[in-house]
Amino acid sequence: MRKIALLIAIAAVAGCGGLKKTFGIKDAPPAHSEPKTTSIYGDWVLANIDSTAFAGARTVELALHQTDFSITATYPGRPTFTASGSAAAGEGLLTLTPTMVSDPTAAGGAFVIGRPIVVVASAAGSSLVFAPPPHGAGTAAIVPSSVWHTKAMARAAGAPVPTNP
């Protein structure tokens, strides 16, 4: 009878999670945690430089705010490229319209004063991705995208991120 009572007591403690408390058993932390932010706004550093219009640059920085943006690309042996202008976001699309471009031939000629650049913009945690907007249903081609990291994350990972004055 004692054995049955003991088994019932152990089952009751185990069912209530008591064994974990009693024996200090802990669950492993989850392999994935939800991002703390999904905002596209902030200071970013381009991660995959050579697969973008900025190929050959040492660093590319983006300051993106709700109404404006500025991009600075530093190249070895060449003048620094800068572009700035207005920014507008809506329905997953981001529109950057340059109003100042230091060299229209730099960055593959992608930045032209007054010509909007429209991208799909998605952020989670410390990463931001720009991709071309979809061109209709049934598009199966893989299109390149640019991946950006927050300046703080890039600096912590040892990336050569200059400190702005």
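The values are calculated or read from the model by the stated rules, or taken from the named source; none is laboratory data. The structure presented is a predicted model; accordingly, all values stated were derived computationally and were not measured. When we count neighbours, we look across all protein chains shown, and the Cβ atoms used for this are built from the backbone with ideal geometry, even at glycine.
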A careful count of residues in the range 93-110 that are of a type outside the set (A, V, I, L, M) and surrounded by 13 or more Cβ atoms within 10 Å (Cβ to Cβ) gives 6
For the range 111-135, which residues satisfy the criterion of being surrounded by 14 or more Cβ atoms within 10 Å (Cβ to Cβ), modelled with pLDDT of 90 or more and in a loop (DSSP other than H, G, I, E, B)? F111
Contacts under 7 angstrom Cβ, first residue in the range 45-56 being among the polar types (S, T, N, Q), partner outside any loop (DSSP other than H, G, I, E, B), 6 or more apart: N48/S146; N48/V147; T52/L46; T52/S146
